[in-house]
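Some notes on the structure that comes next.
The values are calculated or read from the model by the stated rules, or taken from the named source; none is laboratory data. For clarity, every value in this text was computed on a predicted model and none was experimentally measured. Positions of Cβ are backbone-derived with ideal geometry, glycine not excepted, and every protein chain shown enters the neighbour counts.
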Amino acid sequence: MTNKSLSLDELVRANKDQFDRIFNDQMQQTNLRGSLEATRTEIDVTRGSQPSVVSASDSNIVNILNQQYSDDWSHDLIEHTTTGNEIRVVCRLQAGGMTQTRSGTAQVNGNIGIAVQRATDNALAQCYAEINEANITSAKKTEIRTPAGDTTPTGAPASTATMPLQSGRRARPGQPIDTVTLDLIENALSNARHEMDAVLFRSAMSPVIREQHDEFPMITDPKGRMIVGQFGSYVAEMLREKRFDLAPGDIILQSDPYQCGGAVSHINDWLVLMPIFHDDTLVGFSSMFGHMMDVGGSVAGSMPTTAQSIFGEGIRIPPIKLYDRGQLNQAALDLVLNNTRTPDMNYSDLMAIIAGSRAGEKRVIEICQRFGTQTYFQACEELLLRTNRAMRQLIVQNLPTEPKSFEDYVDDDGCGNGPFKLKLTVWREGEDAYFDWTGTSDQAPGPINFYLHEGMFKMFIGVYMIMVFDPQIQFNDGFYDLIHVKMPKGSLLQPEFPAALGCRTHALARQFDVLGGALGHNAPEMATAAGYGSSPHFLYSGVARDGTSFQLMEILYGGIPGRPLGDGIDGHSWWPLFENIPTEYLETYFPIVIESYTSIRDSGGAGKHRGGNGVEKIYQILEPGEVSIHDDRHQSHPWGILGGKPGACSAKWLIQGDSGRKPLPSKVDHVEVYPGDKIIFQTAGAGGWGDPLERGNEAVRKDVVRRLVSIEVAREAYGVVLDPVTLQTETKETEALRQRIRSTRGVPTVFDFGKQVTGELGSVTS
């Protein structure tokens with residue numbers, strides 16, 4: 001029996017059909033739910049009606065309290081006890097000016113958290129019934145501290161002692177939100193943000209999103225300020241560019257950087273924005289954007305290295321309502337998908353992004369239902385204030401009062417121009433931080449321009465400072481008012497329309513190195529060295545012998561810099577949540593063999609903490625087609641810090657037959673390849689941190705054993721002498737060599753750039 005595996009295209013088509021069924025079912029359910037809510041009868045609270053625990057069902061008690069009391073209710077979980085397999089809680093409910101205390105029970109079936117929640121709901125239902133009855137009969141408002149007839153269940157003795165607890169509760173108007181409730185909401189939002197990722201990864205079909213995770217989620221408050229996420233809020237800019245009459249069921253789609261203030265920085269990123277409503281009140285936005293495999297343009301993958309305007313890079317989607325009150329704009333979707341080489345893939349990824357955004361919407365609504373809209377708003381404000389207070393301290397502690405500048409270079413723009421300087425000056429005035437990009441090169445003729453969104457850059461600043469100085473701080477937009485940014489118009493970071501943007505990731509990655517260098521002036525012992533400072537892309541497309549087309553885009557990684565707390569990581573992404581595409585996936589779905597995938601020995605800069613090595617990947621071609629390569633750091637080395645040495649540059653080669661290695665530029669399209677050809681792709685390493693002579697002998701020896709460092713570099717850079725056969729350290733020779741190096745080398749510099757690009761492309765100085 002023949003077992004034929006499905007092709008990637010067949011999987012994509014099947015996935016599309018499944019999405020169609022899911023979304024049709026969703027819309028039908030949404031319409032039905034809307035009809036039911038329109039005809040829903042209110043709870044009968046007239047005299048003589050006595051709601052029971054059954055009518056105020058445990059599972060619906062929060063919704064019932066929301067309907068009857070709005071934000072004028074709160075509850076406390078006073079205590080709980082566990083007896084055998086049963087949990088009992090005592091709960092106090094304050095609603096409508098009255099207070100009632102009752103106990104509730106539930107069975108523990110493997111999850112004590114769920115059991116506590118069920119018991120709490122049971123107690124709340126009883127409290128609600130008592131308060132409602134008291135209202136009906138005009139009974140005296142009394143807090144019952146010991147419920148009548150309530151006794152500890154008989155049976156086995158209590159397994160835990162009675163203990164006081166705090167539960168999440170609604171904040172009354174004018175009352176500060178309590179810490180427990182704030183933590184509950186913060187963690188619920190954090191979990192929702194990661195759930196958005198999980199939904200997307202399990203639903204998307206392209207390797208760049210499904211496997212490499214090139215996407216970014218966000219949940220904001222009603223003002224568009226990011227509460228949880230990765231990239232900083234862009235909602236305000238989007239809605240300023242085009243006003244929308246927002247309603248439940250709306251979904252906005254856009255991909256044009258010039259119509260969202262650079263919220264997305266090239267047109268391959270499709271952004272979905274979903275307003276979140278609870279009880280007809282706008283409570284925030286759920287949003288995600290992800291990189292599409294192809295959006296048209298002159299080359300497969302839509303990132304031509306020689307584009308000189310954005311018009312050559314593919315379809316630009318202005319902010320449009322893809323869904324209007326739940327109704328799909330099919331004509332707009334057809335228009336968009338008609339302008340891509342991979343319509344089925346793009347459709348699947350787009351629907352997956354929408355599904356991920358819906359997951360965020362759902363969780364925010366659940367939080368509002370549980371705690372009340374007002375409490376949710378208070379929590380958002382407090383979370384923003386928390387980050388604001390923490391960032392004030394970081395600014396005062398780590399930023400210089402005198403301006404400090406740093407610069408680094410992007411080698412070229414793919415069109416023969418370069419290098420291009422990125423210069424940043426940093427200082428603080430009191431608790432306010434200033435970041436000035438004056439001195440950065442003018443925008444490039446080629447596509448390396450990075451239309452830097454101000455909010456995005458502020459988030460980059462926050463991410464860097466938080467990760468370096470205090471990783472416990474929550475990422476959100478709360479500190480934005482403390483950061484002041486100047487980006488000259490017409491520069492590499494603020495190009496003017498219609499500048500090409502498709503290969504902007506080189507400047508995007510390089511800005512992190514420049515930011516680290518500028519901040520390192522004041523506290524170099526707390527800074528990192530430079531990383532591989534690029535975003536290496538390998539693209540391969542063509543038509544196989546069976547007539548099926550294929551298109552691959554893979555992002556490669558490089559060396560992560562040495563840092564104060566340890567070595568850099570070998571072959572990792574500069575964006576920490578990205579992952580590699582498994583070799584098995586590549587070889588299953590594309591006509592390619594991965595002949596080798598290794599760390600490049602000695603490519604990481606030497607240091608007390610070694611810079612991470614770059615990677616070498618060798619692709620063997622099985623079908624004729626074309627290759628595109630996007631990379632940088634071919635000439636500008638990743639610099640070392642505090643005596644650490646610079647990392648190695650990147651390199652690319654094409655091997656055809658017996659002709660040997662043919663060097664390839666770092667940015668090139670339309671490289672014709674044929675079966676049997678090989679592409680060798682080497683990424684840059686990273687700079688080292690600290691004096692290499694302070695690295696432990698055993699650490700150097702292990703690097704050699706693991707083939708991360710050669711015996712020669714161990715001797716020359718680290719002063720460690722190893723036996724060439726046993727790889728054991730020659731202790732006396734090592735001590736003598738290190739002493740000799742110290743006496744002859746001079747004082748190590750703070751920054752070591754190695755060979756630095758200074759003038760026209762190709763000219764370097766030591």
Any hit, region 470-492, residues being in a loop (DSSP other than H, G, I, E, B), among the aliphatic types (A, V, I, L, M) and closer than 17 Å to VAL396 by Cα: yes
Verdict on GLU587 being over 19 Å from ALA651 (Cα atoms), surrounded by fewer than 23 Cβ atoms within 10 Å (Cβ to Cβ), of a type in the set (D, E, K, R) and touching a His at 6+ places or on another chain (Cβ under 6 Å): no
Unmet requirement for TYR532, which otherwise passes all of (1) surrounded by fewer than 21 Cβ atoms within 10 Å (Cβ to Cβ); (2) touching a Pro at 6+ places or on another chain (Cβ under 7 Å): (1)
Long-range neighbours under 8 Å by Cβ, at least six apart or interchain, first residue closer than 20 Å to ILE473 by Cβ within region 373-384, second among the acidic types (Asp, Glu) and surrounded by fewer than 24 Cβ atoms within 10 Å (Cβ to Cβ): ALA379/GLU186; LEU383/GLU186
ALA444, sole failed condition from (1) crowded, with 24+ Cβ neighbours inside 10 Å; (2) without any contact (Cβ under 8 Å) to a residue 12 or more places away in the chain: (2)
Filtered residues of region 333-349 (kept if of a type in the set (A, V, I, L, M) and more than 28 Å from the chain's Cα centre (by Cα)): LEU335
Boolean, ASP294 is in contact with a strand residue (DSSP E or B) (Cβ under 7 Å, 6 or more places away or on another chain), charged (D, E, K, R) and assigned by TED's automatic domain parsing to the domain that holds GLN374: yes
Top-ranked residue in region 305-358 [being charged (D, E, K, R) and assigned to a strand (DSSP E or B); ranked as surrounded by the most Cβ atoms within 10 Å (Cβ to Cβ)]: LYS321
Residue check, HIS609 under 22 Å from VAL463 (Cβ atoms) and over 25 Å from the mean Cα position of the chain (by Cα): yes
Matching residues in region 406-442 - criterion: being of a type in the set (Gly, Ala, Ser) and in a loop (DSSP other than H, G, I, E, B): GLY414, GLY416, GLY418, GLY430, GLY439, SER441
In region 573-609, the residues that are more than 30 Å from TYR674 (Cα to Cα) and in a strand (DSSP E or B): HIS609
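Please state which one of PHE479, PHE450 is under 30 Å from GLY416 (Cα atoms), surrounded by 22 or more Cβ atoms within 10 Å (Cβ to Cβ) and within 19 Å of the chain's Cα centre (by Cα).
PHE450
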Pairs, first without any contact (Cβ under 8 Å) to a residue 60 or more places away in the chain and crowded, with 21+ Cβ neighbours inside 10 Å in region 212-241, second not β-branched (Val, Ile, Thr) and not in a loop (DSSP other than H, G, I, E, B), C-beta under 8 Å, six or more apart: VAL235/LEU273; VAL235/PHE285; VAL235/SER287
Candidate set from region 680-706 (those that are closer than 30 Å to LEU654 by Cα and among the β-branched types (Val, Ile, Thr)); member that is farthest from the chain's Cα centre (by Cα): VAL704
Number of the exception - VAL90 against (1) crowded, with 21+ Cβ neighbours inside 10 Å; (2) under 40 Å from the mean Cα position of the chain (by Cα); (3) of a type in the set (A, V, I, L, M): (2)
ASP412 vs. criteria in contact (Cβ under 8 Å) with a residue 12 or more places away in the chain and farther than 19 Å from LEU515 by Cβ: yes
Subset tally (residues that are of a type outside the set (D, E, K, R) and in contact with a strand residue (DSSP E or B) (Cβ under 7 Å, 6 or more places away or on another chain)) for region 297-327: 13
Close pairs from region 288-311: first on the phi > 0 side of the Ramachandran plot, partner part of a strand (DSSP E or B) and small (Gly, Ala, Ser), Cβ under 9 Å, at least 6 apart: GLY301/SER541; GLY301/SER628
Breaking point among (1) in a helix (DSSP H, G or I); (2) out of contact with any strand residue (DSSP E or B) (no Cβ under 7 Å at 6 or more places or on another chain), for TYR451: (1)
Filter pass, GLY688 being out of contact with any helix residue (DSSP H, G or I) (no Cβ under 7 Å at 6 or more places or on another chain) and under 15 Å from PHE753 (Cβ atoms): yes
Any hit, region 368-380, residues being assigned to a loop (DSSP other than H, G, I, E, B), in the same structural domain as ARG225 (by TED's automatic domain parsing) and more than 27 Å from PRO536 (Cα to Cα): yes
Number of the exception - PHE289 against (1) closer than 26 Å to HIS194 by Cα; (2) modelled with pLDDT of 95 or more: (2)
Residue in region 431-444 that is assigned by TED's automatic domain parsing to the domain that holds PRO217, in contact with a Gly (Cβ under 8 Å, 6 or more places away or on another chain) and within 30 Å of LEU189 (Cα to Cα) present: no
